[in-house]
Structures are given as structure tokens and as C-alpha cells.
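S.K.: Just dropping this structure here.
The values are calculated or read from the model by the stated rules, or taken from the named source; none is laboratory data. Remember, predicted model here, so these are calculated numbers, not experimental data. Note that each Cβ is placed from the backbone with ideal geometry, even for glycine, and that neighbours are counted across all protein chains shown.
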Amino acid sequence: MVEVVNVVASGSLGVELDLEAIAGDLDDIVDYDSDKYPGAYFRFGDSAPLITLYRTGKYIVTGASSEEEAHTARGEFLNILTDHGILPSAEDEWFRVQNYVCMSEVGEKLNLSALAIGLGLEVTEYEPEQFPGLVFRPSEHDCVLLVFGSGKVIITGATSIRAADEAFDSLRKHVADLFS
DNA sequence: TAACTAGCTTCTTATATAACAATGCATG
DNA sequence: CATGCATTGTTATATAAGAAGCTAGTTA
């Protein structure tokens, strides 16, 4: 099993927006500086996900620890926009999770040099002087795994929890075959 | 010279290393 | 009171994805 630690999702309001006016109106929750970055940041609380809104009406949600939390943040975001008359209604827009960042562990300490050879040098990168984790890009899974000597594993780039689960499972099987 | 492409910026999150800064405490 | 060592804290390293906008480089 993998634990979701971060969810990145995106959607579109379908309308062009005046971010300067919105930032002025929602001064307490919106942070916008076009010289620094073209997106306007919406923060709903300290540990809540961050929503970045763009001129085009497209937006991204980052920092949610579940898909539900991402949806909740999006709902709050849409409500505030409709309440302030920025949006006529919150319908007819798409919203999709683009990236799941997950964490898990294999339950034993790992020799990463041996693991790199075992998994195959063409699908792994391990340069401990540059970064302590081994980068594993399994050819049969569409995500990337960072494997550490402690046995902890980060799975990122997955578009579903199932994909992350499957990728971690295959890593675990490789580890079991190699070190037993 | 114009159009296009590629790469970088911002942000989030776990993970683990080294290198560095800054501070605390003890000993001479 | 000054120096040395230890601890704590911050930053960098690397990963993925979305977004818009800027710059740099290439090509027609």
C-alpha cells in the first residue's frame, strides 16, 4: 500500500479573468504579483491546498493529501468566485488529478548500488554524491520511484493511486527476488 | 526578421544527504 | 572572556505534474 502525500490537479473556469481586480477584491486570501509570476495564489487556511489561478481561467490545485481534499478546495474556490460575482456559475468545467505523489516502504534497509544493478542500469540512476536516492523509471509503469537506503520509497508522476500501487508492488517484488 | 521551440520561473510533497550558518555550552 | 566542539537550522541536491510568460536559440 502507498500513502498519498500530495495531489496536483487542474481545471478550467472557461473564462478570461482580470487577476488584478480579483486580487484587489479578495485581498485577504489572494496573493498576486504579476512581476514575479503570472498566476494568482489562493490560500484557504494554513495547511489547506494552494490554488493557482491564471488569466485564462485555468487553475491548478497543489498540496492536497487526497483527491477528496483537492475537490473540497476546488469547491471552496468556486464558491468564493461565484459569491463575489466573478463567476456566474460553477458549472461546465473539467477538473482532473494530474499527479499523485505517494510514499511507502519496503520494510528493510537497502543496498542501493546492488539494487541499481538488479533493476537494470538503463532504468535506474544512482549518484549518491548528487542525491541520496535511487531514481527508478520502470518501463512498464508511467511514474518514477525514488528509493532510499532506509527502505522508504517515493512514487511520483502517477495519474492514479492504482498506478502508484502497482509500480510500488513491482518494486517490492524485485526487491524480494534480489535480496532473499 | 519573424515564427517557432525549448527551457526556465512559481508551487506543493515526501524522501536523505552534505555543506554551510548560527547558536549553545563547557573548558581553559 | 575566548576558543572549541556540539547541536540545531537552512539550503542545496533530485522527482512528477499543471499553469503563463519570459528569454534564448534555431530555422525558414
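S.K.: Taking only region A:24-42 into account, find how many residues are within 14 Å of DNA strand C (Cβ to nearest atom) and either closer than 14 Å to A:PHE77 by Cα or in contact with a helix residue (DSSP H, G or I) (Cβ under 7 Å, 6 or more places away or on another chain) (or both).
M.R.: Going through region A:24-42 one residue at a time, the tally reaches 4.
S.K.: When you go through (1) surrounded by fewer than 13 Cβ atoms within 10 Å (Cβ to Cβ); (2) modelled with pLDDT of 95 or more; (3) closer than 26 Å to A:GLN98 by Cα one by one for A:ASN111, which number turns out not to apply?
M.R.: It fails just one condition, (3).
S.K.: Kindly check whether there is at least one residue in region A:149-158 that is free of Cβ contacts under 8 Å to residues at least 40 places away in the same chain and more than 10 Å from DNA strand B (Cβ to nearest atom).
M.R.: No: region A:149-158 contains no residue that is free of Cβ contacts under 8 Å to residues at least 40 places away in the same chain and more than 10 Å from DNA strand B (Cβ to nearest atom).
S.K.: Can you name the condition, by its number, that A:SER12 falls short on among (1) more than 11 Å from DNA strand C (Cβ to nearest atom); (2) within 24 Å of A:GLY157 (Cα to Cα); (3) surrounded by fewer than 16 Cβ atoms within 10 Å (Cβ to Cβ)?
M.R.: Exception for A:SER12: condition (1).
Conditions tested, residue by residue: (1) under 14 Å from the mean Cα position of the chain (by Cα); (2) under 12 Å from A:ALA116 (Cα atoms).
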{"site": "A:PHE131", "(1), (2)": "no, no"}
{"site": "A:SER139", "(1), (2)": "no, no"}
{"site": "A:VAL153", "(1), (2)": "no, no"}
{"site": "A:ILE161", "(1), (2)": "yes, no"}
{"site": "A:PHE168", "(1), (2)": "no, no"}
{"site": "A:HIS174", "(1), (2)": "no, yes"}
{"site": "A:LEU178", "(1), (2)": "no, yes"}
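S.K.: With the condition kept exactly as written, say whether any residue in region A:142-153 is loosely packed, with under 14 Cβ neighbours inside 10 Å and among the aromatic types (Phe, Trp, Tyr).
M.R.: Checked region A:142-153: no residue is loosely packed, with under 14 Cβ neighbours inside 10 Å and among the aromatic types (Phe, Trp, Tyr).
S.K.: Residues that are touching a residue at least 60 places away in the same chain (Cβ under 8 Å) and not polar (S, T, N, Q), at least 1 per element: which strands (runs of 3 or more DSSP E) completely within region A:1-105 meet that?
M.R.: Per the criteria, A:3-12, A:95-105.
S.K.: Which ones in region A:39-65 are of a type in the set (Ser, Thr, Tyr) and within 11 Å of DNA strand B (Cβ to nearest atom)?
M.R.: Result: A:TYR41, A:SER47, A:THR52, A:TYR54, A:THR62, A:SER65.
S.K.: Could you list, in sequence order, the residues of region A:108-148 that are outside any helix (DSSP H, G or I) and more than 13 Å from DNA strand B (Cβ to nearest atom)?
M.R.: A:GLY120, A:LEU121, A:GLU122, A:VAL123, A:THR124, A:GLU125, A:ARG137, A:PRO138, A:SER139, A:GLU140, A:HIS141, A:ASP142
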